[in-house]
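The values are calculated or read from the model by the stated rules, or taken from the named source; none is laboratory data. Keep in mind that this is a model prediction, so the values were computed, not measured. Note that we place each Cβ from the backbone using ideal geometry, even for glycine, and neighbour counts take in every protein chain shown. Heads up: the accessible areas ignore ligands, DNA and RNA and are worked out on the full protein's heavy atoms, side chains in. Shrake-Rupley method; radii C 1.70, N 1.55, O 1.52, S 1.80 Å.
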Amino acid sequence: MPPTLDHIGIAVRSLEAVKIYEDLGLTTEHVEVVESQGVKTAFLSVGDSHIELLEPTGHDSPVGRFIEKRGEGVHHLCFRVADIDRELERLERKGYRLIHRNPVPGSRGSRVAFLHPSAASGVLIELTERP
Ligand code: CO
C-alpha cells in the first residue's frame, strides 16, 4: 500500500496561529503536548489529511531551534505508512540518512520517525504509523 500524506507540520511561536486556519473554515480537532518532541501540537483536519501546528515547549527543542534559525513556517511533511519499522529498515538499506532508526512516540498513540533533511533536498520528512 503506498503511503498517504498524513499531515503538513508548521512551526509557530504560539498555537494562536490556528486562527487563520479556523478562519479559512478548518476545525481544530485535537491539541496535545508531545514530550518526546518538545512540542505542543494542534491538529486541523483538511480532507483526509491534516495541518499540524507545532509550538515549541522550550528553546532547546528541535522546533524551538528551527524557529530561531529559520523563523516560523513549513517544518515537515508526514507520510502515513502501514509498517514503520519495515519502512525505516528499507530506506536505511537504500542509503538514506535517518534521524530516528527506531520510531519514537508521536501524538494520539502513533509511532513516528524522521528522515534527515539531506534525504529530500532539505525537506524534513516524517513517517507515521497509526495504532
Ligand atoms: Co508531524
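Things to note:
- Some residue of region 46-63 being over 20 Å from Ala113 (Cβ atoms), free of Cβ contacts under 8 Å to residues at least 24 places away in the same chain, open to solvent by 40 Å² or more (accessible area, probe 1.4 Å) and in a helix (DSSP H, G or I): no
- Qualifying residue in region 23-39 (condition: more than 16 Å from the ligand (Cβ to nearest atom) and hydroxyl-bearing (Ser, Thr, Tyr)): yes
- Residue list for region 101-131, filter: surrounded by fewer than 17 Cβ atoms within 10 Å (Cβ to Cβ) and closer than 19 Å to Val34 by Cβ: Asn102, Val104, Pro105, Arg108, Gly109, Arg130, Pro131
- Close contacts from region 107-127, counting a first residue that is away from the ligand (no atom under 13 Å from the Cβ) and a second that is open to solvent by less than 40 Å² (accessible area, probe 1.4 Å), with Cβ to Cβ under 6 Å and a gap of 6+ residues or different chains, come to Pro117/Leu124.
A quick yes/no check of all residues on (1) more than 16 Å from Gly73 (Cβ to Cβ); (2) in contact with a Cys (Cβ under 8 Å, 6 or more places away or on another chain):
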{"position": "Asp6", "(1), (2)": "yes, yes"}
{"position": "Gln37", "(1), (2)": "yes, no"}
{"position": "Lys40", "(1), (2)": "yes, no"}
{"position": "Leu53", "(1), (2)": "no, no"}
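- The residues of region 1-20 that are of a type in the set (Asp, Glu) and more than 14 Å from the ligand (Cβ to nearest atom) amount to a single one, Glu16.
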